[in-house]
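Report on the structure given below.
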Amino acid sequence: MGATFHIFTTAGGHARYVETVENLAAARNRLKQVAHNASGDCLQKVHSPHIARGRHAEQRAARIAAGLLFVLVAFVASVSVLTLLGHVEARSSPIGIVVFILAAVVMPWLTKQKRRLSAATGSAALRADAAESAVCGYLALIALAGLVVNSIWDVSWADPIAALALLPLIAREGWEAMKGKPLS
């Protein structure tokens, strides 16, 4: 996951923070690359070995993204359960909170842009990446909600319960990404 470091940890916040930092840092480069690939001769319908290899790479990238979503499901589930059992304690920092706020604002917009480009280019990998960005935004919102509930009412179980409730959505996004189909 690159040179990210952990400043903020809640029940599911550890994975959320790492994914948030990674997504925010890579968002600009990904959109720039997709925009470049979507322009000019990249969309020409030419039959060649390069096109077939590109499709294979596209499907492989979508499967890898799906696998990462399933790993995230397992990680968030285990950290949430450990927090509920009292084996993990929540810690926070102002920098981590700022990153979650940025993710809660930027990730929905980024998801919309990626889904639009996926539909325009037929990119299954970009569709899977959009799913990861959406999950990142949802997780950032849940982390913020857990912080608020915990700070106001001293309810430490709010974040892990919210994270566990989000797991079916993350698993569904992983399953859709595994299919490797672009948005239509």
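No lab work stands behind these numbers, since they all come straight from the coordinates. Computed from a predicted model, the values in this text were never measured in an experiment. Note: ideal-geometry Cβ built from the backbone for every residue, glycine included; neighbour counts use all protein chains shown.
Taken over the stretch 131-167, residues that are over 18 Å from THR111 (Cβ atoms) and out of contact with any Ser or Thr (no Cβ under 7 Å at 6 or more places or on another chain) amount to 15.
The condition of being buried (at least 22 other Cβ atoms within 10 Å of the Cβ), in a helix (DSSP H, G or I) and not β-branched (Val, Ile, Thr) holds for only one of LEU139, LEU164, that being LEU139. May I ask you to say which residue of VAL105, VAL149, VAL88, VAL76 is loosely packed, with under 15 Cβ neighbours inside 10 Å and either of a type in the set (Gly, Ala, Ser) or over 17 Å from ALA62 (Cα atoms) (or both)? Answer to the check: VAL105.
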